[in-house]
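Here is the structure we will look at.
Every number in this text was worked out from the coordinates using simple rules, so none of it is lab data. Bear in mind that the values here come from a model prediction, so they are computed numbers and not experimental data. All Cβ positions, even for glycine, are placed from backbone atoms using ideal geometry, and neighbour counts span all protein chains on display.
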Amino acid sequence: MRDFKKFEVWQISHRLTLKIYTVTKNFPKEEIFGLTSQIRKSFASIGYNISEGSGRNSDKEFANFINIALGSSNEAENQLILSKDLNYLDDAIFQDILDELIILKKKLVTLWNKLNEKIEN
């Protein structure tokens with residue numbers, strides 16, 4: 001059994017989710033059931049999928065959940081851009097989170113590729 005907490009991709013996703021929860025506290029109250037809720041869910045979904053996939057019995061299943069986590073990271077990036085364009089995030093906070101999210105996405109792709117190489121061999 002894999003311990004999801006040991007995966008760097010989970011650690012980064014968890015850190016990003018905590019940051020998103022913190023910065024979205026300052027979003028307008030009318031967004032609580034809109035963008036605030038959605039961006040929190042999409043960032044959290046990355047870690048949820050990594051942890052769920054790590055508990056699966058095969059590398060193929062794990063790779064599938066990493067692929068879903070990558071999709072969630074794209075959704076999170078889109079919502080992050082929207083938040084900035086609506087002036088809910090300042091440039092420095094936006095860039096900090098975006099930079100870390102891009103690193104996470106690259107690491108997810110690397111992990112997905114490694115899992116698929118193992119599956120093929």
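Rounded, prolate or oblate for segment 1-44? Axes are the square roots of the Cα gyration tensor eigenvalues, ordered a ≥ b ≥ c, and the cut-off for rounded is a/c under 1.5. Before the final figure, lay out each step's value.
Values: a/c = 4.95, a/b = 2.70, b/c = 1.83.
Prolate, since a/c reaches 1.5 and a/b exceeds b/c.
Describe numerically, in nm with one decimal, the distance between label points set 7 Å from Cα along Cα→Cβ at E100 and at F33.
A separation of 3.0 nm, rounded to one decimal place.
Enumerate the residues in segment 59-81 having an amide nitrogen under 11 Å from the point lying 7 Å beyond the Cα of E52 toward its Cβ.
65-66, 68-69
Could you give the alpha-carbon Rg of segment 41-110 over 2.2 N^0.38 Å, rounded to two decimals? Don't jump to the answer; show the numbers that get you there.
Working: Rg = 13.4 Å, N = 70, 2.2 N^0.38 = 11.1 Å.
Dividing the Cα Rg of segment 41-110 by 2.2 N^0.38 Å gives 1.21.
How big is the chain along each principal axis, measuring the range of its Cα positions in Å and listing the largest first?
Per principal axis, max minus min of the Cα coordinates gives 50, 22, 20 Å.
Taking 0.36 nm per residue of sequence separation and subtracting the Cα-Cα distance, how much length would be gained by fully extending the chain between N26 and E8, in nm to one decimal?
Working: separation 18, 0.36 × 18 = 6.48 nm, distance 2.84 nm.
Residue separation times 0.36 nm, minus the Cα-Cα distance, leaves 3.6 nm.
Please give the helix 35-54 orientation as an angle from the longest Cα principal axis of the chain, in degrees from 0 to 90, rounded to the nearest 10.
For 35-54 against the chain, the angle is about 10 degrees.
Do any of K5/K106; K19/K106; K29/K105; K5/K84; K5/K25 go past 22 Å between their Cα atoms, and which? Intermediate results must be reported in sequence, preceding the final value.
Details: K5/K106 18 Å; K19/K106 19 Å; K29/K105 30 Å; K5/K84 30 Å; K5/K25 26 Å.
As for pairs spanning more than 22 Å Cα to Cα, those are K29/K105; K5/K84; K5/K25.
Sort T36, T110 so that the residue with the fewest other Cβ atoms within 10 Å of its own Cβ comes first and the one with the most comes last.
Details: T36 22, T110 13.
Going from sparsest to densest Cβ surroundings: T110, T36.
Evaluate the relative contact order of the chain (contact order divided by residue number), counting alpha-carbon pairs under 8 angstrom at least 6 apart; express in whole percent.
Numbers: 124 pairs, mean separation 37.2, N = 121.
Result for the chain is 31 percent.
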